[in-house]
Amino acid sequence: MKLEKAKFKKVLEIGGGLIFLLLFWTLLFLIINKPVLPPPWEALETFFKTFTSLLLPHLLQSTFRVLVSLVVALFLGALSGLVIGRWSKIDDYASPLIYLTYPIPKIALLPVLMGIMGIGEASKIFLISLIIFFQIMVTTRDAVRGVNRQIVSSVVSLGASEKDLFQHVFIPASLPKIFTSLRISLGTAMAVLFLTETFATVRGIGYFILDASMRGRYQEVFAGIIAMSLLGLALFVAVDLLERKVCPWQYI
Amino acid sequence: MIKIKNLTVEYQTFNGKLTALDRVNLEVKKGESCAIIGPSGCGKTTLLYVLSGLVSHNAGNVLVNREPVKAKRKKTALILQDYGLLPWKNVWDNTVLGLSIRKFSPSLQKEKAAGILKRLGLYEFRNYYPGQLSGGMRQRVAIARALTLDPDLFLMDEPFSALDAITREELQGLILSLWQETPATILLVTHSIEEAVYLGQRIVVFSPGPGTITANINNPYFGDIMLKSKPEFYRLCNQVRSLLEGGKPHEIRKSKV
Ligand SMILES: Nc1ncnc2c1ncn2[C@@H]1O[C@H](COP(=O)(O)OP(=O)(O)OP(=O)(O)O)[C@@H](O)[C@H]1O
Ligand SMILES: [Mg+2]
């Protein structure tokens, strides 16, 4: 009963946001009144008409890229964050390295990466993972460092080994922060995804949008943008649901 | 049970060494309850950490049960001021944590934890997370977790200082009655003179840091649940208070003026 109500509320909230967005779009369309900005109904019509025939293969390709990148970056970022956060000796060496490499505009590396790894999936996935890896690692490291010392002392006094500490203290303590960084990374990942897909590929929603805009098919451009934002929304909802499942104590 | 000889502990800090404890000597007999009281920063917490093996000492001897102190001694329980509960585990999982780390069989874990949680009136709350409990209940969970391992030595660092007066008295009563059921050795650090007199068979007074022991008195009234309503209680409290004040660094105060 309560759950039903909560679900209803969620749908209402998302629906409200959607209506607001569509109204805003319509308003812009009326003000600008140029073919580069089609009205939402035309874009939606194109979206539904071309979804299975045109959009879907591109969308699936993009979903695959962004999902693999997120999983790889999450795993490696959380793992190294845990290690660096726990042992300050490693941190002493790792932190300068992180701060030196973190600000490098890694997108600039895309042509280089393609030269090394080829123009296939590997270079794209590597680049997206690399960029969000830092966000996740730094957040995890800080979460581990910030664990209450009294908690650690108490659990050690119960006989905990280093492995027990990770299992019972450091991993659960950093999970909520990892989810936050994952949400932030999601936005970054989508942006980088788009960029990598405008480069030496004929598949992916990024390519679809770019290709349509070169041909002046603005309805298709916006159908592609709708597809991309729906993908983003689906990923955000998935992360939220996963967090509720994995961190129930956050929702009491 | 506890034999401390010439214990000195130094910390490394930004501006060199800081002596937290200076040649401390203390003996606590098996089954004795010892309250430690002293000004802030005199090294009380440090002493408990040394006894639980979490902080190593620079000089002196520390024996627990005739053995040199070591980390993770199976029968030492440490209870800290902010309870040391894991916010991501519910009451049940917090309680069995020690048992599961020590690899007790699941059936034994269940039996022990259920018995102790019932004894402390927490069984109905076993699915609650610490964030859903009052401060007093959280501290009871911490006590329950400590009890599961059948400790013979309790080290408690200001366990009730964050609680309101009524809850504090209730938990002090709980500690006293648990001790009367199975007398374990207790080392209780406290800021409250009343608590020291109520729960300490022996009351140890520390000087301001670096901590040394300035008084070690026997409390003949210990164990009397009604003690707080008797004049002897206030006489002893006053005695401890004057001992505490005698340890204040008057020279520093003068030079400031
Ligand atoms: N990890 C540490 N590193 C450096 N110095 C420390 C550390 N822990 C404690 N100290 C210092 O050692 C001294 C004793 O600290 P301790 O925590 O044992 O005092 P305390 O008697 O428990 O004080 P309080 O009553 O305020 O809890 C203090 O001056 C403190 O600053
Ligand atoms: Mg202290």
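Conditions (1) part of a helix (DSSP H, G or I); (2) away from ligand 2 (no atom under 16 Å from the Cβ); (3) within 25 Å of B:V9 (Cβ to Cβ), marked per residue:
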| position | (1), (2), (3) |
| --- | --- |
| B:I175 | yes, yes, no |
| B:Q180 | yes, yes, no |
| B:L188 | no, no, yes |
| B:E195 | yes, no, yes |
| B:Y198 | yes, yes, no |
| B:V205 | no, no, yes |
Checklist line | Residues being farther than 14 Å from A:L109 by Cα, part of a helix (DSSP H, G or I) and not hydrophobic (A, V, I, L, M, F, W, C) - total across segment A:120-134 | finding: 1
Next item on the list: Residue by residue through segment A:214-252, note down the ones that are away from chain B (no Cβ under 14 Å) and basic (K, R).
Entry: A:R215, A:R217
Next item on the list: Can you tell me which residue among B:S33, B:S40, B:S56 is among the hydroxyl-bearing types (S, T, Y) and within 16 Å of ligand 2 (Cβ to nearest atom)?
Entry: B:S40
Item checked: All positions within segment B:82-95 that are out of contact with any Pro (no Cβ under 9 Å at 6 or more places or on another chain), surrounded by fewer than 24 Cβ atoms within 10 Å (Cβ to Cβ) and modelled with pLDDT of 95 or more -> B:W92, B:D93
Notebook entry, point to check: For the subset of segment A:135-164 comprising residues that are farther than 16 Å from B:M156 by Cα and in a loop (DSSP other than H, G, I, E, B), which member is farthest from the other protein chains (Cβ to nearest Cβ)?
Noted result: A:G146
Next item on the list: Would you mention how many residues in segment B:15-33 are within 16 Å of ligand 1 (Cβ to nearest atom), surrounded by 15 or more Cβ atoms within 10 Å (Cβ to Cβ) and of a type in the set (S, T, N, Q)?
Entry: 1
Next item on the list: Select from segment B:130-140 the residues that are within 11 Å of chain A (Cβ to nearest Cβ), over 13 Å from B:G84 (Cα atoms) and open to solvent by 40 Å² or more (accessible area, probe 1.4 Å) and list them in ascending order.
Entry: B:Q132
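Output the helices (runs of 4 or more DSSP H) that fall wholly within segment A:1-108 and possess 3 or more residues being open to solvent by 40 Å² or more (accessible area, probe 1.4 Å) and closer than 19 Å to A:F208 by Cβ, or say none.
A:40-50, A:56-86
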Check: Counting just the residues of segment B:13-25 that are of a type outside the set (V, I, T) and in contact with a helix residue (DSSP H, G or I) (Cβ under 8 Å, 6 or more places away or on another chain), which one comes out nearest to ligand 2 (Cβ to nearest atom)?
Finding: B:A20
Item checked: Among residues of segment A:138-153, those that are farther than 16 Å from B:T46 by Cα, surrounded by fewer than 20 Cβ atoms within 10 Å (Cβ to Cβ) and charged (D, E, K, R), counted -> 2
Margin query: Here are the criteria: (1) in contact with a Gly (Cβ under 8 Å, 6 or more places away or on another chain); (2) buried (at least 23 other Cβ atoms within 10 Å of the Cβ). Tell me which single one B:L155 does not satisfy.
Written below: (1)
Next item on the list: Take B:T148 and decide whether it is open to solvent by less than 50 Å² (accessible area, probe 1.4 Å), within 12 Å of chain A (Cβ to nearest Cβ), farther than 17 Å from A:V152 by Cα and of a type in the set (V, I, T).
Entry: yes
Notebook entry, point to check: When segment B:178-204 is examined, which residues are found to be more than 14 Å from ligand 1 (Cβ to nearest atom), in contact (Cβ under 8 Å) with a residue 24 or more places away in the chain and among the polar types (S, T, N, Q)?
Noted result: B:Q180, B:T185, B:Q201
Margin query: Looking at segment B:34-53, I want the residues that are without any contact (Cβ under 8 Å) to a residue 12 or more places away in the chain and more than 6 Å from ligand 1 (Cβ to nearest atom) and have a partner that is among the polar types (S, T, N, Q) and in a helix (DSSP H, G or I) with Cβ atoms under 8 Å, at least 6 apart or on another chain. Which pairs are those?
Written below: B:Y49/A:S153
Next item on the list: Name every residue in segment A:165-213 that is under 30 Å from B:R145 (Cα atoms), more than 10 Å from chain B (Cβ to nearest Cβ) and polar (S, T, N, Q), in order of residue number.
Entry: A:S174
Next item on the list: Tell me, please, whether a residue that is within 16 Å of ligand 2 (Cβ to nearest atom), part of a loop (DSSP other than H, G, I, E, B) and away from chain A (no Cβ under 11 Å) can be found in segment B:67-87.
Entry: no
Check: Which condition does B:M156 not pass, out of (1) away from ligand 1 (no atom under 16 Å from the Cβ); (2) within 14 Å of chain A (Cβ to nearest Cβ); (3) of a type in the set (A, V, I, L, M, F, W, C), if it passes all the others?
Finding: (1)
Checklist line | Flag if A:I209 is closer than 21 Å to A:T52 by Cα and either open to solvent by 40 Å² or more (accessible area, probe 1.4 Å) or without any contact (Cβ under 8 Å) to a residue 60 or more places away in the chain (or both) | finding: yes
Next item on the list: Tally the residues that are closer than 14 Å to B:I2 by Cβ and either touching a Leu at 6+ places or on another chain (Cβ under 8 Å) or part of a loop (DSSP other than H, G, I, E, B) (or both), restricting the search to segment B:27-66.
Entry: 22
Next item on the list: Taking B:G60 as the residue in question, decide whether it is away from chain A (no Cβ under 14 Å) and either buried (at least 16 other Cβ atoms within 10 Å of the Cβ) or of a type in the set (D, E, K, R) (or both).
Entry: yes
Check: Limited to segment A:194-206, what total is found for residues that are open to solvent by less than 40 Å² (accessible area, probe 1.4 Å) and farther than 12 Å from A:L110 by Cβ?
Finding: 3
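The values are calculated or read from the model by the stated rules, or taken from the named source; none is laboratory data. Just so it is clear, the structure is predicted and the values come from calculations on it, not from any experiment. A quick note on method: Cβ atoms are made from the backbone with ideal geometry, for glycine too, and the neighbour counts reach across all protein chains shown. Surface accessibility is based on the protein's heavy atoms, side chains included, excluding ligands, DNA and RNA. Shrake-Rupley method; radii C 1.70, N 1.55, O 1.52, S 1.80 Å.
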